[in-house]
Amino acid sequence: MNSKEEEDQLSQCLKEKARAEGFNPVGIARVTGSSRIQLRNASLERWLEAGNQGDMKWMQDPKRKNIESLLEGVSSVLAVGLNYYIDQKPKNNALLIGRYAWGQDYHKVIEKRLKKVGRWLESKKKNCKWRVCVDSTALLEKAWAEEAGIGWIGKHSNLINSNEGSWMVLGFLLCTEPLTADKPSKPLCGICRKCIDHCPTQAITEPFVIDSNKCIPYHTIENRQPVLPENISKSMGRWIAGCDICQEICPWNQKNLTSSEDADMQPKEWVINLTKDQVLSWSDDQWKENLKNSSLKRIKPWMWRRNANSIKTTKSE
Ligand code: B12
């Protein structure tokens, strides 16, 4: 086998290993100074200059524009999606929580599984260095996912895969091993602008651009102010943690949705059954218990109460 054939075979096997861990889609990008990544870096720059990050100062970390700063000598990126769609609706009048957070903390779930894939790669290529990135590292994730061909960036700015839709969280294995790249994805939103028109706070200020200062997830998850702005509380409906409106309305999420059977993605009982009374009456200790192994622990107990108090449209039961 020549070295190109060997590289192809290793790349295929690596993707198989990732699929065996429950990831779908999976794809590989090469770190070669792609002009698309340069364009996405320029978009990030413009986004920051416009102040769209709100108080998320950590978004300004210059490392986000330089993948090499996350792993010296990085040559390839394995990008994976983990489907979190569950064919279930919250109870009538329940407060609403973004679907990405219904199950176990996806950061931990993805990290644990991708580390297994990384260890397998190292067993095949002794000198290979690798690193797992999920959400919290300074990686421009959706741009790399697009580059690896696992989906395109929709006008709502979430990554969409033509078979799986957009109900997936993303994970990345950076490595120093040269691997065979997949074709980058092409945008397929066409002239559709449903996500833009249905956003109750007009947070999608132009296609592909989210102003966090207007986005319900930003205010319910990231905003640390004691009171939410009036324009948000007036429009947040029953969304107490995150918001899925721009994805719910997306035509790519209407057909052939596979309900995840992954044990880690199944909803916690309280998450799909939550009332305002519960939110306000649970003690900090009770909240700590609820939020164990959940990505929702980013929302502190006082923030749950603040968010509940901002919700105007629901009866308590
Ligand atoms: C900051 C952040 C937020 C912020 C800001 C949102 C945002 N869109 O930036 C807030 C708190 C609001 C947020 C909300 C949500 N988030 Co968030 N968030 C992130 C984080 C940490 C960084 C995103 C980022 O780089 N923003 C900066 C701006 C510049 O990037 P952008 O909006 O993506 O802009 C890109 C496009 O506009 C594109 N672009 C520009 N012009 C053009 C033109 C064309 C033609 C094309 C195709 C593209 C394009 O280039 C830009 C740069 O890449 C990522 C994890 C990570 N490390 O990347 C998760 C991440 C994006 N979030 C995620 C999730 C699940 C959500 C929510 C769905 C949660 C919820 N249910 O409430 C919402 C969705 C809201 C929305 N519509 O974006 C997932 C998305 C998974 C997916 N399928 O895409 C990620 C990838 C985390 C993960 N590892 O899974 N999030």
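Which count do you get for residues in region 244-256 that are assigned to a loop (DSSP other than H, G, I, E, B) and within 18 Å of Phe208 (Cβ to Cβ)?
Looking only at region 244-256, we keep the residues that are assigned to a loop (DSSP other than H, G, I, E, B), and these are 244, 249-250, 254-256.
Now narrow it down to the ones that are within 18 Å of Phe208 (Cβ to Cβ): 249-250.
Residues flagged as assigned to a loop (DSSP other than H, G, I, E, B) and within 18 Å of Phe208 (Cβ to Cβ) within region 244-256 amount to 2.
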Hey, can you tell me all the residues within region 272-317 that are touching a Ser or Thr at 6+ places or on another chain (Cβ under 8 Å) and more than 22 Å from Arg224 (Cβ to Cβ)? Thr275, Asp277, Ser316, Glu317
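So which residues in region 86-101 are on the phi < 0 side of the Ramachandran plot, of a type outside the set (Val, Ile, Thr) and over 13 Å from the mean Cα position of the chain (by Cα), if there are any at all?
So the first thing to find is which residues in region 86-101 are on the phi < 0 side of the Ramachandran plot, and the list is 86-92, 94-101.
Then keep just the ones that are of a type outside the set (Val, Ile, Thr); that gives 87-92, 94-96, 98-101.
Listed by number, the residues that qualify are Asp87, Gln88, Lys89, Pro90, Lys91, Asn92, Ala94, Leu95, Leu96.
Only one of these is among the charged types (D, E, K, R), farther than 26 Å from Leu114 by Cβ and out of contact with any Asp or Glu (no Cβ under 8 Å at 6 or more places or on another chain): Lys17, Lys57. Name it. Quick ask: steps written out before the conclusion?
Numbers: Lys17 fails: farther than 26 Å from Leu114 by Cβ.
Answer to the check: Lys57.
Residues are listed down the side, and each one gets a yes or a no for (1) more than 16 Å from the ligand (Cβ to nearest atom); (2) not polar (S, T, N, Q):
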{"residue": "Ile216", "(1), (2)": "no, yes"}
{"residue": "Val227", "(1), (2)": "yes, yes"}
{"residue": "Ser233", "(1), (2)": "yes, no"}
{"residue": "Ser260", "(1), (2)": "no, no"}
{"residue": "Gln266", "(1), (2)": "yes, no"}
{"residue": "Leu274", "(1), (2)": "no, yes"}
{"residue": "Gln278", "(1), (2)": "yes, no"}
{"residue": "Glu289", "(1), (2)": "yes, yes"}
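Looking at this structure, is Lys125 assigned by TED's automatic domain parsing to the domain that holds Arg19, farther than 15 Å from Ser11 by Cα and either more than 9 Å from the ligand (Cβ to nearest atom) or surrounded by 18 or more Cβ atoms within 10 Å (Cβ to Cβ) (or both)? I'd like the intermediate steps shown before the answer.
Numbers: assigned by TED's automatic domain parsing to the domain that holds Arg19: yes; farther than 15 Å from Ser11 by Cα: no; either more than 9 Å from the ligand (Cβ to nearest atom) or surrounded by 18 or more Cβ atoms within 10 Å (Cβ to Cβ) (or both): yes.
So Lys125 fails the test.
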Residue among Asn256, Asn223 that alone is within 14 Å of the ligand (Cβ to nearest atom) and either touching a residue at least 60 places away in the same chain (Cβ under 8 Å) or farther than 26 Å from Asp277 by Cβ (or both): Asn223
Residue identified as assigned to a loop (DSSP other than H, G, I, E, B), near the ligand (Cβ under 9 Å from one of its atoms) and at pLDDT 95 or above among Pro178, Pro187: Pro187
Within region 139-163, residues under 25 Å from Gly33 (Cβ atoms) and either near the ligand (Cβ under 8 Å from one of its atoms) or in contact with a Cys (Cβ under 6 Å, 6 or more places away or on another chain) (or both) come out as Leu139, Leu140, Glu141, Lys142, Ala143, Ala145, Glu146, Gly151, Trp152, Ile153, Ser157, Leu159
For region 27-65, give me each residue that is away from the ligand (no atom under 14 Å from the Cβ) and at pLDDT 95 or above. Ile28, Arg30, Val31
Taking region 233-287 and keeping only residues that are surrounded by 13 or more Cβ atoms within 10 Å (Cβ to Cβ), closer than 20 Å to Arg298 by Cα and among the aliphatic types (A, V, I, L, M), one is left with Met236, Ile240, Ala241, Met265, Val271, Ile272, Leu274, Val279
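So, Trp302, is that one surrounded by 17 or more Cβ atoms within 10 Å (Cβ to Cβ), aromatic (Phe, Trp, Tyr) and more than 15 Å from the ligand (Cβ to nearest atom) or not? Spell out the reasoning first.
Numbers: surrounded by 17 or more Cβ atoms within 10 Å (Cβ to Cβ): no; aromatic (Phe, Trp, Tyr): yes; more than 15 Å from the ligand (Cβ to nearest atom): yes.
No.
The values are calculated or read from the model by the stated rules, or taken from the named source; none is laboratory data. Predicted model only: the values in this text are computed from it and were never measured. No Cβ is skipped: glycine too gets one built from the backbone with ideal geometry, and neighbour counts run over all protein chains shown.
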